[in-house]
Amino acid sequence: FKRSKHRLRIVSTGFLDYYAYCLDVGGILYTITDVHDLHLWMVYHLDRHPLFQKIPQSALDDDICYKLMFHASQEGQKVIRNNGSMWAACYRRVDYTPSTCDGLEKDRTNIFCRSDDDLAV
């Protein structure tokens, strides 16, 4: 994948801040792709985001949404027809606490890891 397109990917540091803002605590972010490099990219960024926690595979075995996402879309059916591979990962939105952002640089683009003083214009 082209480096110039990294910022436009649906899962990136900037977009994850927005997803965390819109998603209720406890909500689940589902990802699936037939491109292994893209899957690794998404997992890399989600693993490093302080407001998302990976859901273990054992907890997904009974999740109907997780099961459906493999074959419910046209794209998923095409991958199945072509005997392709699909990679999925799911993350739960966790609650914000000051310790959630420990060790992270304060970044003006991360709306969750700023103090009220940083918000003053």
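The values are calculated or read from the model by the stated rules, or taken from the named source; none is laboratory data. What you are looking at is a predicted structure, and each value in this text was computed from that prediction instead of being measured. In this analysis, Cβ positions are derived from the backbone assuming ideal geometry, glycine residues included, and neighbour counts consider all displayed protein chains.
If you go through segment 46-64, how many residues are in a helix (DSSP H, G or I) and surrounded by fewer than 16 Cβ atoms within 10 Å (Cβ to Cβ)? Quick ask: steps written out before the conclusion?
Here is the first cut: in segment 46-64, the residues in a helix (DSSP H, G or I) are 46-48, 57-60, 64.
So of that shortlist, the ones also surrounded by fewer than 16 Cβ atoms within 10 Å (Cβ to Cβ) come out as 47-48, 57-59, 64.
Adding up the residues that qualify gives 6.
From D24, D62, D34, grab the single residue that is of a type in the set (D, E, K, R) and touching a Phe, Trp or Tyr at 6+ places or on another chain (Cβ under 9 Å).
Step by step, each of D24, D62, D34 is checked, and only D34 is of a type in the set (D, E, K, R) and touching a Phe, Trp or Tyr at 6+ places or on another chain (Cβ under 9 Å).
Scan segment 73-85 for residues that are in a loop (DSSP other than H, G, I, E, B) and at pLDDT below 90 and report the count. Quick ask: steps written out before the conclusion?
First, pick out the residues of segment 73-85 that are in a loop (DSSP other than H, G, I, E, B): 73, 82-85.
Filter again for at pLDDT below 90, leaving 73.
Looking only at that region, the number is 1.
Filter segment 20-47 for residues that are touching a residue at least 12 places away in the same chain (Cβ under 8 Å) and either among the aromatic types (F, W, Y) or touching a helix residue (DSSP H, G or I) at 6+ places or on another chain (Cβ under 8 Å) (or both) and give the result.
The answer is Y21, I28, L29, Y30, T31, I32, T33, D34, W41, H45, L46.
Could you tell me which residue of segment 1-34 is modelled with the lowest pLDDT, considering only residues that are of a type in the set (A, V, I, L, M, F, W, C) and assigned to a helix (DSSP H, G or I)?
Within segment 1-34, the subset of a type in the set (A, V, I, L, M, F, W, C) is 1, 8, 10-11, 15-16, 20, 22-23, 25, 28-29, 32.
Checking which are assigned to a helix (DSSP H, G or I) leaves us with 8, 15-16, 20, 22.
Details: L8: 49, F15: 83, L16: 88, A20: 92, C22: 92.
Here the residue is L8.
Within segment 37-57, can you find the residues that are under 11 Å from V94 (Cβ atoms) and polar (S, T, N, Q)?
Q53
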